[in-house]
Amino acid sequence: MAKWGEGDPRWIVEERADATNVNNWHWTERDVSSWSSERLRQLLLGVRVEGPEGVCQLTDVSKLDGEASINNRKGKLIFFYEWQLRANWLGTSNSGVKYRGTVDVFNLSDENDTDDLDISVSLCKDQPNTSLLDLMKKSGIQEVQRVLSDYVQQLKSEFSQGMILPTANGPKLPQMETKKTQIQTSKTQISSIPRCSSTPDPCTTGVRISTCGFNLKETFQASPDELYRTFINQEFVQVFTRSVAVVDGRHGGRFQLLDGNVTGEFTQLVPDQRIEMRWRFRTWPSEHYATVSLELVDRGDETELKMECRGVPAGEEESTREGWTRFYFQAIKQTFGY
């Protein structure tokens, strides 16, 4: 056995406080298949295209076979992913006739660029021919390519964090520098909601995370009581999210939806007028919640919804805004005709 300090320098551990994978020499692997399945399903269900022929929307994912992992060898990240996907789509023509079909993706993998994916769009066997098929073959395929590209980018950014460990005298990690720059240069208005912004960042105990906020406004062809019920009734939530949900529609009641990606608690409920909640997305720092308020304004034959969201972790504003627009507002309108 070598004396202290005379061994292979790759195995000397006193240079790292945690004595783990010195200088990133060893092969480490992280299985991200479960996260990938959930994220792919979520992204695909947000696909919606519209044209002169009508509107088409992916309604469910019937096949999701494959795996994904991230590997670190000698400080280099290697991404492996391979998926075969099938999603069902529903098209509604301008005359109100509905058509059903499928979208198949045969070769989503690290060996292919998303622009080179083999994607097939077809109608179900019992469906008559329709121009909506051409809409899906053109715009639908482009939108599917876009969201699959989003998946690959998120895989390489979000889940690569922590795979390459800092060395004793090495430079700071590019990922951490990017995140810091993103927080410092963000032009988004910073909000200091005590309940949210005082939560310590779990990666750096005792450090408060920076937060931001945004406002949205949307109009629905529904009465205030119909729209109010849509947000707090479990059956309605399950219909427009197309997934199992748990919603306790009372003051202090908890909710969980979109496969557990969204959780929170109702903090104030004024029937047909106002909904306030503590709301969080799964990937946010542990126990960190944003505050969301929904004000319903009766405009006669329609209802105006004013949303205010505060306490969103810095850098998450755009994805949170897009998520509310796609998976709440657009989903409600398409499902219930509001």
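Of note:
- Remark: the stretch 277-284, residue by residue, has Karplus-estimated 3J(HN,Hα) of 8, 8, 9, 8, 9, 3, 7, 5 Hz, where x stands for each Gly or Pro and the curve is 6.51 cos²θ - 1.76 cosθ + 1.60 at θ = phi - 60°.
- Here the stretch 61-138 is treated as an ellipsoid with the same Cα gyration tensor; its semi-axes, largest first and in whole Å, are 35, 12, 9.
- Gyration tensor (alpha-carbon) shape descriptor, the stretch 225-338, a/c threshold 1.5: rounded
- Percentage of interatomic Cα-Cα distances in the stretch 261-316 larger than 18 Å: 39
- Residues of the stretch 289-331 with amide N under 12 Å of a point placed 7 Å along Cα→Cβ from residue 50: 330-331
- Förster radius 25 Å - calculated FRET efficiency between residue 125 and residue 244, Cβ distance, rounded to 0.05: 0.25
- Listed values for the stretch 325-338 are Karplus-derived 3J(HN,Hα) couplings in whole Hz (6.51 cos²θ - 1.76 cosθ + 1.60, θ = phi - 60°), namely 5, 7, 8, 10, 5, 5, 5, 5, 4, 5, 6, 9, x, 7, and x replaces Gly and Pro.
Since every read-out is calculated from the coordinates, none of them should be taken as a lab result. Remember, it's a predicted structure, so these values are computed and weren't measured experimentally. Counting neighbours? That spans all protein chains shown, and the Cβs are built from the backbone with ideal geometry, glycine included.
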